[in-house]
Amino acid sequence: MKRREFVAALAATVALPAASALAAEPDAFTVYKDPNCGCCSLWADAYQKAGYRVEIVEERDLISHKRKLGVPLDIQGCHTAVYRGQFLEGHVPMKAARMLESRTDLAGLVVPGMPAGSLGMGDDASASYDVIAVGKDGNTSVFLQVRPKA
């Protein structure tokens with residue numbers, strides 16, 4: 001075996017276990033929240049129970065994070081999460097987060113305010129609110145309407 005072949009074979013055996021370990025790692029969220037807010041922790045707990053890895057960063061100056069990520073401040077929510085390079089602002093339901101995975105044209109999703117019954121705010125079937133998509137160009141549109149189940 002030539003030296004180059006040996007080095008290539010060695011590199012492949014070292015890289016293969018590392019690559020498979022990364023592929024097996026669950027999806028990760030970084031959640032920026034106010035240290036005094038409990039609903040943010042409930043929202044993060046729901047994602048963690050669903051199998052996502054969640055890191056919580058307690059931050060008193062959330063506005064600077066929101067600005068850096070491009071969250072429109074006129075429709076901001078409670079906390080801000082970063083997931084696969086996109087943001088989830090406020091009480092975004094898991095259904096919308098899963099739908100976001102295929103939308104690389106979007107900067108993120110926003111649930112403005114703190115709607116009663118949203119995930120982390122009671123998770124009630126009678127909840128009614130909109131999930132807003134924010135494009136990388138800053139334009140917004142309704143991404144998902146959450147309405148009471150009939």
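Looking only at the stretch 36-54, which residues are assigned to a strand (DSSP E or B) and surrounded by 13 or more Cβ atoms within 10 Å (Cβ to Cβ)?
Quick first cut of the stretch 36-54, residues assigned to a strand (DSSP E or B) only: 53-54.
VAL54 - this is the single residue of the stretch 36-54 that is assigned to a strand (DSSP E or B) and surrounded by 13 or more Cβ atoms within 10 Å (Cβ to Cβ).
Here is a yes/no grid of residues against (1) over 14 Å from the mean Cα position of the chain (by Cα); (2) free of Cβ contacts under 8 Å to residues at least 12 places away in the same chain; (3) within 22 Å of ARG103 (Cα to Cα):
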site	(1), (2), (3)
VAL31	no, no, yes
ASN36	yes, yes, no
ALA46	no, no, no
LYS49	yes, yes, no
ARG53	no, no, yes
GLU59	yes, no, no
ILE75	yes, no, yes
VAL82	no, no, yes
*Take the residues of the stretch 63-87 that are in contact with a strand residue (DSSP E or B) (Cβ under 6 Å, 6 or more places away or on another chain) and assigned to a helix (DSSP H, G or I): which is modelled with the lowest pLDDT?*
HIS65
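One line per residue, one yes/no per condition, for (1) surrounded by 16 or more Cβ atoms within 10 Å (Cβ to Cβ); (2) among the acidic types (Asp, Glu):
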residue	(1), (2)
ILE63	no, no
ASP74	no, yes
PHE87	yes, no
LYS95	no, no
ARG103	no, no
SER118	yes, no
*Taking the stretch 88-131 as the search range and keeping residues that are in a strand (DSSP E or B) and within 14 Å of the chain's Cα centre (by Cα), which one is farthest from ASP27 (Cα to Cα)?*
VAL131
*Is it the case that VAL142 is modelled with pLDDT of 95 or more, crowded, with 17+ Cβ neighbours inside 10 Å and either among the β-branched types (Val, Ile, Thr) or touching a helix residue (DSSP H, G or I) at 6+ places or on another chain (Cβ under 6 Å) (or both)?*
no
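Just give me the residues in the stretch 23-34 being more than 14 Å from LEU88 (Cβ to Cβ) and surrounded by 11 or more Cβ atoms within 10 Å (Cβ to Cβ), in sequence order.
Residues of the stretch 23-34 that are more than 14 Å from LEU88 (Cβ to Cβ), as a first pass: 23-26, 34.
Passing the criteria: PRO26, ASP34.
The values are calculated or read from the model by the stated rules, or taken from the named source; none is laboratory data. Bear in mind that the values here come from a model prediction, so they are computed numbers and not experimental data. All Cβ positions, glycine included, derive from the backbone under ideal geometry; neighbour counts span all protein chains shown.
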